[in-house]
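Worksheet for the structure shown next.
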Amino acid sequence: MLKSDFLIIGSGIAGLTYGLDVCKYGKVTILCKDEPGEGNTTYAQGGIAAVTSCNDSIESHVNDTLTAGAGLCDKTVVQTVIEESGSAINFLLDLGVNFDLTKNSGKDKKQDFSQNFSLGKEGGHSERRILHAGDQTGREIQNALLKKVRAEKNITIVPMRMAIDLIINSNNECLGVYCLNLNTNEAETYGAKITYLATGGLGKVYLYTSNPDVATGDGIAIAKRAGALIKDMEFIQFHPTCLYSPVAKNFLITEAIRGEGAILKTVSGARFMDGYHPLKELAPRDIVARAIDHQLKISGEDYVLLDITDKSEEYLKERFPNIFKVLMNLGINISKDGIPVVPAAHYSCGGVAVDKYGLTSIKNLYAGGEVSRTGLHGANRLASNSLLEAVVYARISAAHSLEKIESIKAPDALPEWDHLDTDNSYEQVLVTHSWDEVRRTMWNLVGIVRNTKRLESAHRRLLFIKEEINQYYWKYRITKDLLELRNIIDTSLEIVEAALLRKESVGLHYLESDIKK
Ligand code: FAD
Ligand code: SIN
């Protein structure tokens with residue numbers, strides 16, 4: 001068994017921020033199932049929402065968050081997170097994160113926020129308040145965090161380790177985790193006084209997603225199997241504008257581009273958002289996604305077009321350099337051509353329920369970042385609030401952990417992983433087929449617009465696949481594919497069961513009237 005004071009599962013913005021704050025006390029181990037930079041954080045484009053301008057106010061950001069959340073946000077949590085937004089930005093600046101500045105910005109960024117940052121606008125925000133680094137804000141933050149973490153002698157990052165299941169004792173205390181070493185395919189045991197779950201998103205449970213491959217909802221599934229409380233899983237956010245392309249996989253076109261004036265059109269050139277919401281293209285994300293979905297159903301076309309051709313090539317290259325380059329390589333010059341886009345699964349507002357300190361319902365287990373449900377987002381997340389939430393809550397959890405750590409006893413010897421005497425799989429096709437079936441079921445039956453009949457049908461199918469895979473799981477040697485499949489099934493079931501319980505349309509959970517029996 002490998003022992004530490006703090007065990008962190010996940011190396012995105014939440015896990016790394018927490019690690020940096022607790023490493024002053026003791027030994028920190030960070031597990032991640034791929035290379036340390038691979039996760040949703042790296043792909044974040046638009047930026048991080050924070051109150052930094054003198055034209056803006058905490059109250060305005062709070063109100064926008066509550067409006068997006070459709071009455072289901074926890075108001076105290078919203079107030080706390082937004083009030084802490086300035087200090088979260090200072091934390092990132094101290095790490096060396098370079099947010100874009102206005103042309104006439106002064107030298108001391110902290111002295112006068114308002115004069116310095118070039119602020120973007122996104123749907124649902126009544127002010128310009130999105131700090132960004134071009135259109136690769138996440139990569140800039142992830143790199144700065146990793147650089148700092150790698151310089152800390154108390155922190156060890158262990159890549160290619162996939163958490164399988166948490167180790168919980170009879171007192172409902174978390175003692176660590178079993179994980180699969182993806183280099184050797186052997187199971188390993190990690191014990192710790194405190195475990196911080198920061199495994200990120202779940203986009204891969206859907207056939208089409210903006211998320212990278214690691215986002216298979218592992219943390220939700222692992223926490224659920226350990227008996228943790230999970231909440232709000234029906235609220236899955238679909239991003240309206242992911243690139244439609246036969247070759248490029250999971251490429252997002254940031255909402256910030258609509259903030260700079262891009263309009264949505266059908267393939268034949270008709271602008272359509274006017275008919276759906278007074279804010280048109282800058283309506284809240286769920287409304288824009290549903291409008292596109294509706295247009296595609298009416299027209300039978302495969303995509304709509306996002307048009308920013310009224311801006312110059314020079315401007316677009318400077319403001320959206322990565323999008324410009326990637327699309328140019330695909331033969332699309334965004335200063336001249338419309339961008340083919342479709343909605344795709346993007347963000348989970350629900351997750352492992354945590355209290356005001358980020359503690360889950362299991363002792364000594366915290367959760368942070370996208371895997372957690374703090375109450376900030378309610379029924380719908382306001383754009384660019386998640387990077388902010390991840391930093392603020394990771395720091396709150398770290399402070400709380402440091403208060404508690406002295407009173408927690410290190411776990412004694414833990415039982416080794418016991419997976420019976422299993423054979424190597426000879427029917428991998430069952431795993432690949434089930435992967436596809438789960439993701440299609442979720443996309444077709446539990447998507448942007450739902451009804452009870454489709455949800456019930458999805459539930460029956462998922463239970464059947466779960467039963468089949470459970471038998472397979474205990475019979476054959478575990479692999480990453482098999483573990484992820486088990487997780488996407490468990491996470492999908494959480495989504496469907498939560499959706500079935502919510503009988504009214506609210507926020508991201510949108511029910512059309514049930515079709516006649
Ligand atoms: P992640 O950054 O996803 O990190 C998760 C970590 O957990 C990874 O290291 C992964 O390897 C590890 N992991 C997963 N499963 C396991 C396992 N079983 N065992 C071990 N390790 C595991 N939000 C904003 O606020 N602003 C934006 O502009 C924005 N743009 C976005 C654009 C895209 C394309 C996407 C996908 C998301 C965007 N978001 C944005 C959302 C935001 O990026 C995420 O919510 C946030 O980065 C999540 O951070 P995290 O630390 O929780 O998880
Ligand atoms: C985007 O850049 O459109 C994504 C922003 C977010 O998900 O918060």
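Here is how the numbers come out for the structure above:
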quantity: Residue match in the range 212-227 (condition: within 14 Å of ligand 2 (Cβ to nearest atom) and surrounded by 24 or more Cβ atoms within 10 Å (Cβ to Cβ)); calculated: yes
quantity: Qualifying positions in the range 261-285 - crowded, with 17+ Cβ neighbours inside 10 Å and closer than 17 Å to Ala383 by Cα; calculated: Ala262, Lys280, Glu281, Leu282, Ala283, Pro284, Arg285
quantity: So Arg461, is it under 22 Å from Ile164 (Cα atoms) and not hydrophobic (A, V, I, L, M, F, W, C); calculated: no
quantity: Filter result for Ser407 (surrounded by fewer than 18 Cβ atoms within 10 Å (Cβ to Cβ) and either more than 16 Å from ligand 2 (Cβ to nearest atom) or not aromatic (Phe, Trp, Tyr) (or both)); calculated: yes
quantity: Selection count where residues are of a type outside the set (A, V, I, L, M) and within 13 Å of ligand 2 (Cβ to nearest atom), scope the range 43-56; calculated: 4
quantity: Close pairs from the range 321-350: first in contact (Cβ under 8 Å) with a residue 24 or more places away in the chain, partner among the basic types (Lys, Arg), Cβ under 7 Å, at least 6 apart; calculated: Ser335/Lys311; Gly338/Lys265; Tyr347/Arg381; Cys349/Arg381; Gly350/Lys231; Gly350/Arg373
quantity: Those helices (runs of 4 or more DSSP H) lying entirely in the range 1-98 with at least 1 residues within 24 Å of Asn183 (Cβ to Cβ); calculated: 13-22, 40-43
quantity: The range 1-17, subset of a type in the set (S, T, N, Q) and closer than 13 Å to Thr29 by Cβ, residue nearest to the chain's Cα centre (by Cα); calculated: Ser11
quantity: Which numbered condition Asn250 misses (of (1) at pLDDT 95 or above; (2) within 13 Å of ligand 1 (Cβ to nearest atom); (3) crowded, with 17+ Cβ neighbours inside 10 Å; (4) in a loop (DSSP other than H, G, I, E, B)); calculated: (1)
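The values are calculated or read from the model by the stated rules, or taken from the named source; none is laboratory data. If you're wondering where the values come from, they're calculated on a predicted model, not measured in any experiment. Here the Cβ is made from the backbone with ideal geometry for all residues, glycine too, and neighbour counts use every protein chain on show.
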